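The values are calculated or read from the model by the stated rules, or taken from the named source; none is laboratory data. Keep in mind that this is a model prediction, so the values were computed, not measured. Using ideal geometry, Cβ is built from the backbone for each residue, glycine included, and neighbour counts are taken over all protein chains shown. Just so you know, the surface numbers come from the protein's heavy atoms only, side chains and all, with ligands and any DNA or RNA stripped out. Shrake-Rupley method; radii C 1.70, N 1.55, O 1.52, S 1.80 Å.
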Amino acid sequence: MTTRPFTVADVMTTKVVAVRPDTAFKEIAAAMERWKVTALPVLEGEGRVVGVVSEADLLLKEEFHDRHIGMVEQLRRRDATAKAGSDRAAELMTTPAVTVRPEASLPRAARVMATRRVKRLPVVDADGMIQGVVSRSDLLKVFLRSDEELADEVRRDVVGHLFPLSRDRIEISVEAGVVTLTGDVRDSTLVPLAERLTRAVEGVVDVRCALTLATGA
């Protein structure tokens with residue numbers, strides 16, 4: 001296989017909107033509204049990520065705005081009530097931040113988002129310095145690859161690699177990201193692998209494999 005799998009670095013946004021630990025509540029809310037984002041990394045120094053402040057963090061102030069908070073609730077939701085009474089990013093942010101490295105695979109980034117229930121991840125280098133931000137929509141960019149591009153990659157890196165002697169008898173068609181493989185091959189034991197590798201091509205939505213053993217093979 002010759003094609004390098006897509007990584008977070010391939011799809012992340014490098015223009016990062018961020019705040020500092022001393023950024024005020026209203027400035028944070030204004031930045032979220034202006035840039036249409038739901039969370040912002042909090043940076044200190046030359047760009048080291050120390051936390052993330054999200055809409056959920058800010059909404060705690062509204063949740064507890066007109067309520068008397070009893071002692072039991074203060075103890076049970078200590079972090080939430082503390083944030084509700086705060087007005088700076090340093091006290092509002094979630095720390096340590098959930099981050100991902102630029103070289104991480106897209107499936108890994110997606111799993112982190114799902115398990116940690118976040119929509120955006122700061123992308124950091126080995127020293128924790130900000131490199132970009134990756135969002136759910138960024139991870140979907142691979143599905144915008146054209147059908148022609150997908151067909152070319154499958155032809156070159158799957159069919160050409162597994163079936164060098166049968167490649168001219170294999171037809172590859174792609175419609176709306178769905179790949180169909182038809183034709184006959186000399187080694188039918190490789191057919192399941194061909195389907196699996198085709199499905200692993202970034203941007204492929206589904207695979208329909210109709211490869212059969214060549215007569216007399």
* Residue by residue through the stretch 88-118, note down the ones that are surrounded by 14 or more Cβ atoms within 10 Å (Cβ to Cβ), within 24 Å of ALA30 (Cβ to Cβ) and either over 14 Å from the mean Cα position of the chain (by Cα) or not hydrophobic (A, V, I, L, M, F, W, C) (or both). => ARG88, ALA89, ALA90, GLU91, LEU92, MET93, THR94, ALA97
* Would you be able to say whether some residue in the stretch 128-139 is in contact (Cβ under 8 Å) with a residue 12 or more places away in the chain, over 20 Å from THR7 (Cα atoms) and assigned to a loop (DSSP other than H, G, I, E, B)? => no
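Can you find, within the stretch 187-202, the residue that is farthest from ALA214 (Cα to Cα) among those that are among the charged types (D, E, K, R) and surrounded by fewer than 16 Cβ atoms within 10 Å (Cβ to Cβ)? It would help to see each step written out before you state the result.
Just the residues of the stretch 187-202 that are among the charged types (D, E, K, R), to begin with: 187, 195-196, 199, 202.
Keeping just the survivors that are surrounded by fewer than 16 Cβ atoms within 10 Å (Cβ to Cβ) gives 187, 196, 199.
Details: ASP187: 8, ARG196: 20, ARG199: 23 Å.
In this case the residue turns out to be ARG199.
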* To do: Could you please let me know if LEU165 is surrounded by fewer than 17 Cβ atoms within 10 Å (Cβ to Cβ), of a type in the set (A, V, I, L, M), over 27 Å from the mean Cα position of the chain (by Cα) and over 30 Å from GLY45 (Cα atoms)?
  => yes
* Qualifying positions in the stretch 33-48 - touching a Ser or Thr at 6+ places or on another chain (Cβ under 7 Å) and either more than 19 Å from VAL134 (Cα to Cα) or open to solvent by less than 20 Å² (accessible area, probe 1.4 Å) (or both) -> ALA39
* Structure fact -> Selection from the stretch 119-149 of residues of a type in the set (Gly, Ala, Ser), crowded, with 17+ Cβ neighbours inside 10 Å and under 10 Å from the mean Cα position of the chain (by Cα) yields SER135
* Pairs under 7 Å by beta carbon, first residue farther than 21 Å from VAL11 by Cα in the stretch 145-169, partner open to solvent by 80 Å² or more (accessible area, probe 1.4 Å) and of a type in the set (A, V, I, L, M), six or more apart or different chains? -> ASP157/MET1; HIS161/MET1
* Where a residue in the stretch 1-23 is in a helix (DSSP H, G or I) and its partner, wherever it lies, is at pLDDT 95 or above and among the small types (Gly, Ala, Ser), with Cβ under 7 Å and at least six apart -> VAL8/ALA104; VAL8/ALA109
* Of the conditions (1) farther than 26 Å from LEU140 by Cβ; (2) at pLDDT 95 or above; (3) loosely packed, with under 13 Cβ neighbours inside 10 Å, ARG76 clears all except one; give me its number. => (2)
